[in-house]
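**Student:** One structure is given below, represented as structure tokens, and several questions about it will come after.
The values are calculated or read from the model by the stated rules, or taken from the named source; none is laboratory data. The structure displayed is predicted, hence computed values, not measured ones. Glycine gets a Cβ as well: all are built from the backbone with ideal geometry, and neighbour counts include every protein chain shown. All accessible areas refer to the heavy atoms of the entire protein, side chains included, with ligands and DNA or RNA removed. Shrake-Rupley method; radii C 1.70, N 1.55, O 1.52, S 1.80 Å.
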There are 2 protein chains.
Amino acid sequence: MQQEVVLAMLAKEASRGYQLRARLRDALGPLGDDMNAGQIYVTLTRLEKAGLVTVEESATRAERPDGKVYSLTADGHHRVAEWVSEVSWPRPDLAVFHLKLVAAAAARLADPIALVDAQRRELLRRLRDAQRAVMAEPEGSDAALLYEGIALRLQADMRWLEACEKSWTRRRSGS
Amino acid sequence: MQQEVVLAMLAKEASRGYQLRARLRDALGPLGDDMNAGQIYVTLTRLEKAGLVTVEESATRAERPDGKVYSLTADGHHRVAEWVSEVSWPRPDLAVFHLKLVAAAAARLADPIALVDAQRRELLRRLRDAQRAVMAEPEGSDAALLYEGIALRLQADMRWLEACEKSWTRRRSGS
DNA sequence: ACGCCCCCATATAACGGTTAGCTTGATCTA
DNA sequence: TAGATCAAGCTAACCGTTATATGGGGGCGT
């Protein structure tokens, strides 16, 4: 998980790694299961090295397993405030599929249009899954919202693939 | 750039790093300028270490700068064929924004609805840019196709943000 | 002729996200 | 009591990405 996300979760209250991981999983619903177990620990140690969090080797609390409790430093608080206030959005990652088509056509490895078609079928499958998941979730839940976003994305990508197909068929008859 | 992409470009013909980079940039149009210059060399050395490409220290050709020409090994050809045939699609990356909202609300760092609004304005700006870019490109060019995909994505994300706003306002009045 | 700048071409260190896999103890259960 | 499962944590390693460095060569103005 992105460092800032972990940092922001830690801003609510100091936690140990496992609790943090559980909170993240809860906030994502069924999609949280995709997270890798070790991810949090990697991120936490890196945050510590960067001086954004501190550990307290707490045998002070009566917590059974000899514990590492993580909390934010002043720098950490500053960083998370900064992150919350900044607007950023992941750049669309369509380039690699496009390059796959270009490369496949150039090296005569496969028919681009067949590739687009296969991709369309795959996205259709995922779209059905996402829509089924939306309905399976309780109305208005976090998970339902996320699945809805995924479905909207997939629909947009489907329409792009249609545009790709048109473009490549034109290109084939045109050359 | 992803290793497989570089590999696939190399499948067309053996090249040296710089040519490869130029070919990639051409295939992406104006978006290709975002590529980092050194990226290709990092990827190529890693591919070499993995045994998927080989270098030929060619002073054999009358090429001025003492040259490293890269070409695919048998394993490399196999790998690229595999890649072309596999259907994969980047997983939608909506989780981090969702977690930003959750964390901001939980730690009372900011008003989630204000965050959604700021994001909406930003995406609207980018959408206008993308649509302008579509029209600036020659009809049917690679770059126009890519920009169209980006625009479609952004529209989908906008609609998701609207759903987010609805959901969080409901949640606020409901708690 | 000299200095300057830009392009070709390559390389490298380092950061950050992700994964696979390991350990160790506790708890459950057949 | 042996085996399975789970909590809790850790590590090595891969890959994508960036910033930055290094030279050689060609044009160009003064």
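**Student:** Within the set of pairs 6+ apart or on separate chains, which have a first residue in the stretch A:11-38 that is touching a residue at least 40 places away in the same chain (Cβ under 8 Å) and more than 12 Å from chain B (Cβ to nearest Cβ), a second that is in a helix (DSSP H, G or I) and within 13 Å of DNA strand D (Cβ to nearest atom), and C-beta atoms under 7 Å apart?
**Tutor:** These pairs meet every condition: A:Gly17/A:Ile40; A:Gly17/A:Tyr41; A:Gly17/A:Leu44.
**Student:** Let me ask another. Which number in (1) within 14 Å of DNA strand C (Cβ to nearest atom); (2) more than 11 Å from chain A (Cβ to nearest Cβ); (3) open to solvent by 30 Å² or more (accessible area, probe 1.4 Å) marks the one condition that B:Gln2 misses?
**Tutor:** That leaves (2) as the condition not met.
A quick yes/no check of all residues on (1) touching a strand residue (DSSP E or B) at 6+ places or on another chain (Cβ under 9 Å); (2) surrounded by fewer than 19 Cβ atoms within 10 Å (Cβ to Cβ):
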{"position": "B:Gly76", "(1), (2)": "yes, no"}
{"position": "B:Ala104", "(1), (2)": "no, no"}
{"position": "B:Asp117", "(1), (2)": "no, yes"}
{"position": "B:Glu122", "(1), (2)": "no, yes"}
{"position": "B:Leu127", "(1), (2)": "no, yes"}
{"position": "B:Gln131", "(1), (2)": "no, yes"}
{"position": "B:Glu137", "(1), (2)": "no, yes"}
{"position": "B:Leu145", "(1), (2)": "no, no"}
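**Student:** Give the stretch A:24-39 a look and list any residue that's within 16 Å of DNA strand C (Cβ to nearest atom) and open to solvent by 20 Å² or more (accessible area, probe 1.4 Å), or say none.
**Tutor:** A:Arg25, A:Pro30, A:Leu31, A:Asp33, A:Asp34, A:Met35, A:Asn36, A:Ala37, A:Gly38, A:Gln39
**Student:** Could you tell me which residue of the stretch A:154-166 is farthest from B:Ile150 (Cα to Cα), considering only residues that are open to solvent by less than 10 Å² (accessible area, probe 1.4 Å) and not aliphatic (A, V, I, L, M)?
**Tutor:** So, considering only residues that are open to solvent by less than 10 Å² (accessible area, probe 1.4 Å) and not aliphatic (A, V, I, L, M), the one farthest from B:Ile150 (Cα to Cα) is A:Cys164.
**Student:** Now, a different point. Do we find a residue being modelled with pLDDT under 90, part of a loop (DSSP other than H, G, I, E, B) and near DNA strand D (Cβ under 8 Å from one of its atoms) anywhere in the stretch B:42-64?
**Tutor:** Yes, because at least one residue in the stretch B:42-64 is modelled with pLDDT under 90, part of a loop (DSSP other than H, G, I, E, B) and near DNA strand D (Cβ under 8 Å from one of its atoms).
**Student:** Something else about it: Kindly indicate whether B:Val87 is of a type in the set (Val, Ile, Thr), open to solvent by 50 Å² or more (accessible area, probe 1.4 Å) and more than 12 Å from DNA strand D (Cβ to nearest atom).
**Tutor:** yes
**Student:** Going residue by residue through the stretch A:54-63, is there one that turns out to be within 16 Å of DNA strand C (Cβ to nearest atom), out of contact with any Asp or Glu (no Cβ under 8 Å at 6 or more places or on another chain) and more than 30 Å from A:Arg132 (Cα to Cα)?
**Tutor:** So far as the stretch A:54-63 goes, yes, one or more of its residues are within 16 Å of DNA strand C (Cβ to nearest atom), out of contact with any Asp or Glu (no Cβ under 8 Å at 6 or more places or on another chain) and more than 30 Å from A:Arg132 (Cα to Cα).
**Student:** Does B:Leu20 satisfy the criteria of being away from DNA strand C (no atom under 11 Å from the Cβ), part of a helix (DSSP H, G or I) and surrounded by 20 or more Cβ atoms within 10 Å (Cβ to Cβ)?
**Tutor:** no
**Student:** Test of understanding: among A:Leu145, A:Leu94, A:Leu99, which residue is at the interface with chain B (Cβ under 7 Å from one of its Cβ atoms) and touching a Gly at 6+ places or on another chain (Cβ under 7 Å)?
**Tutor:** Going through A:Leu145, A:Leu94, A:Leu99 in turn, the sole match is A:Leu94.
**Student:** Further, regarding this structure: Would you confirm whether or not the stretch A:143-162 contains a residue that is farther than 30 Å from B:Arg125 by Cβ and without any contact (Cβ under 8 Å) to a residue 60 or more places away in the chain?
**Tutor:** The answer is no, given that none of the residues of the stretch A:143-162 is farther than 30 Å from B:Arg125 by Cβ and without any contact (Cβ under 8 Å) to a residue 60 or more places away in the chain.
Yes or no, residue by residue, for (1) without any contact (Cβ under 8 Å) to a residue 60 or more places away in the chain; (2) more than 13 Å from DNA strand C (Cβ to nearest atom); (3) small (Gly, Ala, Ser):
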residue	(1), (2), (3)
B:Ala8	no, yes, yes
B:Tyr41	yes, no, no
B:Ala50	yes, yes, yes
B:Ser88	yes, no, yes
B:Ala95	yes, no, yes
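**Student:** Please determine, by comparing only the residues of the stretch B:105-125 that are more than 7 Å from chain A (Cβ to nearest Cβ) and of a type in the set (Gly, Ala, Ser), which one is farthest from A:Arg91 (Cα to Cα).
**Tutor:** B:Ala105
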